[in-house]
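Contents: one structure, followed by commentary.
The values are calculated or read from the model by the stated rules, or taken from the named source; none is laboratory data. Note that this is a predicted model, so its numbers are computed, not measured. Note that each Cβ is placed from the backbone with ideal geometry, even for glycine, and that neighbours are counted across all protein chains shown. For accessibility, only protein heavy atoms count, side chains too; no ligands or nucleic acids. Shrake-Rupley method; radii C 1.70, N 1.55, O 1.52, S 1.80 Å.
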Amino acid sequence: MPTPQVFVTRQIFPEALEMIAREARLEVWPDDYPPSPEQLRRKLAQADGVLTNIMDRLDAAAMAAAPNLKIISQMAVGVDNIDLAEATRRGIPVGHTPGVLAKATADLTFALLMAAARRVSESDRWVRRGQWQLAFHPMHWLGVDIHGATLGILGLGQIGLEVARRARGFEMKLMYHSRTRRPQAEAEYGLEYAELPEVLAAADFVTVHVPLTAATRHYIGERELRMMKPSAILVNVARGPVVDAKALYKVLKEGGIRAAALDVTDPEPIPADDPLLSLENLLVTPHIGSASVSSRRAMCLMAARNLLAGLKGQRLEACANGDLYQVKNRGC
Ligand code: NAP
Ligand code: GLV
């Protein structure tokens, strides 16, 4: 078998590149910015495998330009940038990296929840602006308690479950809504299952962990935001379009909810003049949920292993289009 050709769309951890280079001819896109659609199509024309991240759009046109492509390996758990149905139709397995980033992303979820509850970045901005003139006042900078509060987890997958684990340590009451009930987790973590409106109405904090799909675009819109308590805080670490950004601005500005913390925005990056950024009760981080050294390294290595397995026609460690197996009896 001739040595396969692999295109990696961004610089990643060297250990992962070395692993690939032992078995394939490797080309790594040198820029921090992604290749344009045209540049990507040109690279894919020669490729047997491609290692992507969430910024690369692997749509039908990209796949049509890739006659030899045997594997798309995404260095992320979310795959909303990839046309999964088209990959399945073409018999191309799509690898991804669930699990290895769940703890880090749950840590960041909690960092955002706590920062919004206790107004950490808002007060930091205030200090840096030179506004800390009065040393202390009993009635200033009041936030809300985390202990004893009710947390509503939307999407009880790997990250949602890790958030539940952390919340237990903070003595929170736990509710969740998800596509599939998880009785074992309910028993283990004292999680109460409820329909979405019920969770939204009861929770002091709502954290969002559903994948972005046709069913979850604007999963949290104005109607859902208005179901929340005026004292409640929304944390989105899933994907920006899962929350309707215009509705969020409107409801936050009117005080319909207390605050929001977003690791993901719509669009990304959020433009500096986006109205949301004018709000003091909004906190934003630049999509850093999995950005710890060890998690990102683990994601790169898992993506490399998926890529090599796909090149050999072997079963992937994690395959986002598992239905492929039924279609072609190969890959996943
Ligand atoms: P996961 O284990 O697949 O969990 C997703 C959960 O959402 C599953 O329990 C799933 O239900 C549920 N779900 C799917 N569609 C739903 C719907 N329409 N309504 C209600 N629940 C629904 O994935 P994960 O590893 O926890 O990751 C979740 C998402 O987080 C990823 O897809 C990605 O977009 C995002 N993420 C963001 C960052 C970041 O840096 N901010 C990092 C990692 C991941 P089932 O059990 O029925 O499948
Ligand atoms: C990051 O956003 C991921 O989906 O892994």
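Here are 301, 262, 282, 311: which of them is away from ligand 2 (no atom under 15 Å from the Cβ) and under 21 Å from the mean Cα position of the chain (by Cα)? Give the steps one after another, and end with the answer.
Numbers: 301 fails: away from ligand 2 (no atom under 15 Å from the Cβ); 262 fails: away from ligand 2 (no atom under 15 Å from the Cβ); 311 fails: under 21 Å from the mean Cα position of the chain (by Cα).
Just one listed residue meets the conditions, 282.
Of these, 199, 235, which one is in a strand (DSSP E or B), modelled with pLDDT of 95 or more and not basic (Lys, Arg)?
Values: 199 fails: in a strand (DSSP E or B).
Unique residue meeting the criteria: 235.
To keep it simple, each residue is scored yes or no on (1) touching a Cys at 6+ places or on another chain (Cβ under 7 Å); (2) of a type outside the set (A, V, I, L, M, F, W, C).
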| site | (1), (2) |
| --- | --- |
| 232 | no, no |
| 258 | no, yes |
| 266 | no, yes |
| 270 | no, no |
| 289 | no, yes |
| 294 | no, yes |
| 325 | yes, yes |
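In this structure, is residue 56 open to solvent by 40 Å² or more (accessible area, probe 1.4 Å) and either at pLDDT 95 or above or away from ligand 2 (no atom under 16 Å from the Cβ) (or both)? If you could, list the steps in order and put the result at the bottom.
Details: open to solvent by 40 Å² or more (accessible area, probe 1.4 Å): no; either at pLDDT 95 or above or away from ligand 2 (no atom under 16 Å from the Cβ) (or both): yes.
So residue 56 fails the test.
Looking for whichever is modelled with pLDDT of 95 or more, of a type outside the set (Phe, Trp, Tyr) and surrounded by fewer than 17 Cβ atoms within 10 Å (Cβ to Cβ) here; the options are 241, 183. Which one fits? If you could, list the steps in order and put the result at the bottom.
Values: 241 fails: surrounded by fewer than 17 Cβ atoms within 10 Å (Cβ to Cβ).
Sole residue among the options that is modelled with pLDDT of 95 or more, of a type outside the set (Phe, Trp, Tyr) and surrounded by fewer than 17 Cβ atoms within 10 Å (Cβ to Cβ): 183.
Hey, any hits in the stretch 71-81 for a residue that's assigned by TED's automatic domain parsing to the domain that holds residue 10, outside any helix (DSSP H, G or I), more than 16 Å from ligand 2 (Cβ to nearest atom) and open to solvent by 10 Å² or more (accessible area, probe 1.4 Å)? So that I can check it myself, show each step before the final result.
Here is the first cut: in the stretch 71-81, the residues assigned by TED's automatic domain parsing to the domain that holds residue 10 are 71-81.
Those still in the list that are outside any helix (DSSP H, G or I) too: 71-81.
Retained after the next criterion (residues that are more than 16 Å from ligand 2 (Cβ to nearest atom)): 71.
After this cut, where a residue has to be open to solvent by 10 Å² or more (accessible area, probe 1.4 Å) as well, the list is none.
No, the stretch 71-81 contains no residue that is assigned by TED's automatic domain parsing to the domain that holds residue 10, outside any helix (DSSP H, G or I), more than 16 Å from ligand 2 (Cβ to nearest atom) and open to solvent by 10 Å² or more (accessible area, probe 1.4 Å).
When you look at residue 195, is it farther than 19 Å from residue 119 by Cβ, in the same structural domain as residue 262 (by TED's automatic domain parsing), surrounded by fewer than 20 Cβ atoms within 10 Å (Cβ to Cβ) and away from ligand 1 (no atom under 13 Å from the Cβ), yes or no? Please lay out each step first, then the result.
On the way: farther than 19 Å from residue 119 by Cβ: yes; in the same structural domain as residue 262 (by TED's automatic domain parsing): yes; surrounded by fewer than 20 Cβ atoms within 10 Å (Cβ to Cβ): yes; away from ligand 1 (no atom under 13 Å from the Cβ): no.
Spelling it out, it is not the case that residue 195 is farther than 19 Å from residue 119 by Cβ, in the same structural domain as residue 262 (by TED's automatic domain parsing), surrounded by fewer than 20 Cβ atoms within 10 Å (Cβ to Cβ) and away from ligand 1 (no atom under 13 Å from the Cβ).
Looking at (1) buried (at least 21 other Cβ atoms within 10 Å of the Cβ); (2) outside any loop (DSSP other than H, G, I, E, B); (3) over 26 Å from the mean Cα position of the chain (by Cα), which is the one condition that is false for residue 47?
(2)
Count, please, the residues in the stretch 143-158 that happen to be open to solvent by less than 80 Å² (accessible area, probe 1.4 Å) and free of Cβ contacts under 8 Å to residues at least 60 places away in the same chain. Spell out how you get there, then give the answer.
If we filter the stretch 143-158 for residues that are open to solvent by less than 80 Å² (accessible area, probe 1.4 Å), which is where we start, we get 143-144, 146, 148-157.
If we keep only those that are free of Cβ contacts under 8 Å to residues at least 60 places away in the same chain as well, we get 143, 146, 148-153, 156-157.
Total meeting the criteria: 10.
Which condition does residue 145 not pass, out of (1) touching a helix residue (DSSP H, G or I) at 6+ places or on another chain (Cβ under 9 Å); (2) under 30 Å from residue 57 (Cα atoms), if it passes all the others?
(2)
Tell me which of these residue 92 doesn't satisfy, since it passes every other one: (1) within 16 Å of ligand 2 (Cβ to nearest atom); (2) assigned by TED's automatic domain parsing to the domain that holds residue 307.
All conditions are met except number (1).
What do you reckon, is residue 176 outside any loop (DSSP other than H, G, I, E, B), under 20 Å from residue 103 (Cα atoms), aromatic (Phe, Trp, Tyr) and at pLDDT 95 or above? Step through it out loud before you land on a result.
Values: outside any loop (DSSP other than H, G, I, E, B): yes; under 20 Å from residue 103 (Cα atoms): yes; aromatic (Phe, Trp, Tyr): yes; at pLDDT 95 or above: yes.
So residue 176 passes the test.
Given the options 85, 135, name the one that is within 30 Å of residue 37 (Cβ to Cβ) and either acidic (Asp, Glu) or open to solvent by 60 Å² or more (accessible area, probe 1.4 Å) (or both). I'd like the intermediate steps shown before the answer.
Working: 135 fails: within 30 Å of residue 37 (Cβ to Cβ).
Exactly one residue qualifies, and that residue is 85.
Go through the stretch 262-307 and give me each residue that's under 14 Å from residue 20 (Cβ atoms) and surrounded by fewer than 21 Cβ atoms within 10 Å (Cβ to Cβ).
301, 305 - these are the residues of the stretch 262-307 that are under 14 Å from residue 20 (Cβ atoms) and surrounded by fewer than 21 Cβ atoms within 10 Å (Cβ to Cβ).
Report yes if some residue within the stretch 261-268 is in a helix (DSSP H, G or I) and either more than 14 Å from ligand 1 (Cβ to nearest atom) or modelled with pLDDT under 95 (or both); otherwise report no.
First, pick out the residues of the stretch 261-268 that are in a helix (DSSP H, G or I): none.
There is no residue in the stretch 261-268 that is in a helix (DSSP H, G or I) and either more than 14 Å from ligand 1 (Cβ to nearest atom) or modelled with pLDDT under 95 (or both).
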